[in-house]
Structure formats: C-alpha cells, structure tokens
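Take a look at the structure below.
Any read-out appearing in this document is the output of simple, stated calculations on the displayed coordinates, not a laboratory observation. Since this is a predicted model, take the numbers as computed values, not measurements. Here the Cβ positions follow ideal geometry from the backbone for every residue, glycine too, while neighbour counts run over all protein chains shown.
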Amino acid sequence: MIEIRGLTKRYGDRTAVDDLTVTIRPGRVTGFLGPNGAGKSTTMRVVVGLDRPTAGTVLVDGRRYADLPAPLRAVGALLEARSAHPGRTARDHLRLLAATAGLPRSRVDVVLDLAGLASVADRRVGGFSLGMGQRLGVATALLGDPATVVLDEPVNGLDPDGVLWIRTLTRQLAAEGRTVLVSSHLMSEMAVTADHLVVLGRGRLVADEPVADVLQRAGGSSVRVRSPRPAALAPLLAGDGVVLSSPEHGLIEVQGLSAAEIGDRAGRAGITLHELTPVSASLEEAFMDLTREDQEYRTDARQEALA
C-alpha cells in the first residue's frame with residue numbers, strides 16, 4: 001500500500017505537487033491520470049525516493065522508501081525505460097541489478113520470459129526499439145517480485161500485442177493482491193485496465209474514485225432507442241428526471257431511464273424497438289471534463305480548424 005499524506009513538492013517557485021493526500025490500495029489497478037505537468041511523474045519519483053518532498057510524507061507499507069530493508073523486493077518501478085546502459089545486454093543489465101540487490105540469478109530468466117525478451121536477452125540494449133526498451137523496463141520493475149508496482153506510461157511505444165500484455169499483466173498483479181499504480185495518457189486503455197482512478201490537475205487532487213463513479217459523475221449514462229414509431233414512444237418515456245433528445249429521425253436518446261424500463265414501457269404499448277443500447281460517457285470525455293480548468297497546454301479549436 002502507498003500512503004501519501006500532505007505531499008507538496010516545489011522546484012524553486014514552481015509547485016509540482018500541492019498538498020496531495022491519497023492512498024493507493026492493494027488488490028486493484030489504480031490509474032494515475034492528469035494533464036501534462038499535473039505532477040504524476042513527480043509523485044512517482046517521490047514514492048521511490050528519487051525526489052525528496054518539500055512537505056508531507058510518502059510511505060510504502062508503512063515505511064519511507066529510504067527505510068525499506070530490501071527496496072527492490074518491496075517496490076518495482078518503471079519511470080524511465082531507457083535507464084539501462086546501452087552497451088550491456090538485457091540479461092547482463094538484469095544480472096547486475098539482481099547481484100546488487102541480493103536476488104537469485106534464476107529471477108533474471110523468469111522476468112525475461114515474462115516480458116517476452118528471452119529471445120533477445122543477449123542483445124545490447126542500445127539496439128532495442130522503444131517497445132523492447134519498455135519491456136525491459138517492466139522486467140526490471142518486476143525483478144524483485146515486489147508487492148508494490150509503479151509504472152509510468154508503460155504502454156508508450158508498445159504495439160497492440162504489447163498493450164494487451166501490459167493490460168493483462170497489471171490486472172494479474174492486482175489479482176495477486178499487489179498494489180499497482182499505472183499512469184497513462186491513453187484513456188481508452190485506462191478504461192479497460194484500471195479499477196480505480198486518481199486524477200491530478202496542477203498538482204492537486206481532482207478525483208479519487210472507482211472508474212464507474214468517475215464516468216457517472218462526469219457524464220452519466222443514456223440509452224439509444226430506435227423505433228419505427230418514435231412519436232408514439234416518446235410520451236411514454238417522458239417524466240420527471242427524464243431527458244429526451246432526437247438527433248435523427250427514428251432515434252431517441254434517453255437519460256433518466258434504464259434500458260429495461262424503456263423496454264418494458266414499449267412492450268406494454270406494443271411498440272416495436274429496433275435498438276435499445278445503453279451508452280456511457282467515455283473516460284476521455286470524463287477526464288476532459290474533470291481537468292478542463294487544469295490543462296497547462298491548451299489549443300484553441302478555432303486555430304486548429306484554420307490551420
């Protein structure tokens with residue numbers, strides 16, 4: 001478990017993280033989201049002791065990272081995939097780390113297989129593609145079989161197979177009871193990977209909720225209904241708290257009623273339905289809504305249209 005209490009980190013007159021308090025719990029994948037400059041990477045660096053907080057505390061399983069007796073066994077982190085010496089092979093890079101941390105050599109082969117790098121383990125890291133470098137970074141993070149895993153943009157540079165691998169891996173790690181914190185700018189991937197979201201904006205906490213709650217709070221849900229008799233159906237659906245719209249002929253979008261309730265009302269009236277589809281707000285829409293005032297770099301849509 002990662003406990004962050006009142007974390008503030010300043011660089012000169014710039015505040016990167018502003019009084020952040022949040023707990024990253026085991027047994028679930030926590031997505032760590034925020035616009036560029038929101039403080040995600042800074043927070044992760046403080047978690048693993050690479051930056052010292054200006055104020056506040058960060059504990060991993062009740063201890064500061066610097067006080068952990070075996071850091072690699074407690075926390076595995078991918079913060080910079082290109083951290084390996086380009087002249088070393090992937091196998092030698094991992095063997096050096098294992099020897100330094102007192103880990104068995106056999107663990108090197110385990111993580112090479114896990115990362116899909118066994119066939120290129122004896123190639124120099126300097127010749128790796130971005131995706132292969134990411135895989136080596138994940139292998140490094142898992143070398144100590146840690147209870148807490150922190151991954152900063154792990155799908156960056158990966159092909160679709162690699163993205164699926166990361167998704168499956170992180171969910172498996174969480175299912176084993178580990179604490180898993182993953183940052184990403186790919187909202188579509190976070191929507192199918194994360195169980196819980198922590199969202200930052202300009203260093204401050206914007207949301208700390210399950211994914212479903214973030215979607216519901218940001219955009220709610222609606223139901224798309226198609227019928228050859230929309231004029232007869234609409235009055236049956238109208239009522240307090242119900243919002244109806246008709247973006248095209250034969251289609252009604254309904255907020256405030258479930259698909260089952262709509263189907264029951266149409267059935268009792270003998271009205272045929274050609275479509276009855278629940279629609280939720282996308283995580284991208286929810287994210288943009290949550291962080292609209294916290295975007296450090298924004299593009300004027302009108303300028304984009306004229307470009």
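For segment 30-108, the dipole from Cβ point charges (+1 on Lys and Arg, -1 on Asp and Glu) about the Cα centre works out to 260 debye, to the nearest 20. Each of the GluC sites (Glu not before Pro) that DSSP puts in a loop and that has at most 16 other Cβ atoms within 10 Å breaks the chain; the longest unbroken stretch is 177-295.
Given axes a ≥ b ≥ c from the Cα gyration tensor, I'd like to know whether segment 158-203 is rounded (a/c under 1.5), prolate (a/b larger than b/c) or oblate.
oblate
Rounded if a/c is under 1.5, else prolate if a/b beats b/c, else oblate: with a ≥ b ≥ c from the C-alpha gyration tensor eigenvalues square-rooted, which is segment 75-153? The shape class here is oblate. Of the trypsin sites (Lys or Arg not before Pro) found in segment 35-86, those in coil by DSSP whose Cβ has at most 15 other Cβ atoms within 10 Å are Arg64.
Rounded if a/c is under 1.5, else prolate if a/b is larger than b/c, else oblate: which is segment 221-280, with a ≥ b ≥ c the root eigenvalues of its Cα gyration tensor? Taking the square roots of the gyration eigenvalues as a ≥ b ≥ c, segment 221-280 is rounded. Inter-part distance, segment 227-283 to segment 68-98, computed on C-alpha centroids, equals 55 Å. For Leu276, the shell of other residues with beta-carbons less than 9 Å away shows a net charge of +1, using +1 for Lys and Arg and -1 for Asp and Glu.
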